[in-house]
Amino acid sequence: MRRLGVCVLVSLAVVARPVLAQVEGDTNPQAAMLRQQIETRFAQQIQATLGLSDEQTVKLRGTFNTYAPKRRAMEQEERGLKRALQGQLRPGIAANSDSVGKLVDRLLELKVTYAKSFVEEDREMAKFLTPVQRAQYQMLRERLMARIEEVRQQRQQRLQAGAGGVPPRP
């Protein structure tokens, strides 16, 4: 039964990811609704798989609701920085070294901050989840994210093949 739930969750994420990838930020109500559905399904799966009490579920949802929006904002900023960097590094056009340096520095700072957010989130979860539950949670999240990344790369390859080998914008 657990595998079925994980498969349903992954399938939902796989279908939703291409739609979400096309939308920048939370301005599209359909994207926000789809994201909410994925998050709800993921929370249900986590509760069942980890055997969470109602109290743990409430606390986990609160922790998730604290960190997820911050990471989404960082992801959006990263996309913007990458677009700006890509604009600076166009073939045949001289890049502004100062601008490129600042963009690269900010990208690296953002990556560190992003990683730290997972550490902070895990510390928060350690207050109400057992070490086993935390490990299970991390593994489920990693599997889901790996699957989403795999589908994203496959989609990108299909787009490149359909566009005559021209890579799509990030």
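The values are calculated or read from the model by the stated rules, or taken from the named source; none is laboratory data. Just so it is clear, the structure is predicted and the values come from calculations on it, not from any experiment. Counting neighbours? That spans all protein chains shown, and the Cβs are built from the backbone with ideal geometry, glycine included. Each accessible area value is taken on the protein alone, full model and side chains, heavy atoms only, with ligands, DNA and RNA left out. Shrake-Rupley method; radii C 1.70, N 1.55, O 1.52, S 1.80 Å.
Of all positions in the range 76-90, at least one carries a residue that is surrounded by 12 or more Cβ atoms within 10 Å (Cβ to Cβ), among the acidic types (Asp, Glu) and without any contact (Cβ under 8 Å) to a residue 60 or more places away in the chain. Residue count for the range 147-170 under the criterion of being modelled with pLDDT of 85 or more, surrounded by 11 or more Cβ atoms within 10 Å (Cβ to Cβ) and under 16 Å from the mean Cα position of the chain (by Cα): the result is 1.
Scanning for something among the small types (Gly, Ala, Ser) and within 23 Å of Met145 (Cα to Cα), does the range 78-96 turn up at least one residue? Yes, there is a match, as at least one residue in the range 78-96 is among the small types (Gly, Ala, Ser) and within 23 Å of Met145 (Cα to Cα).
So which of Gln138, Gln86 is under 19 Å from the mean Cα position of the chain (by Cα) and modelled with pLDDT under 95?
Exactly one residue qualifies, and that residue is Gln138.
Here is a check on your reading of the model: is Lys127 part of a loop (DSSP other than H, G, I, E, B) and either open to solvent by 50 Å² or more (accessible area, probe 1.4 Å) or of a type in the set (D, E, K, R) (or both)? So Lys127 passes the test.
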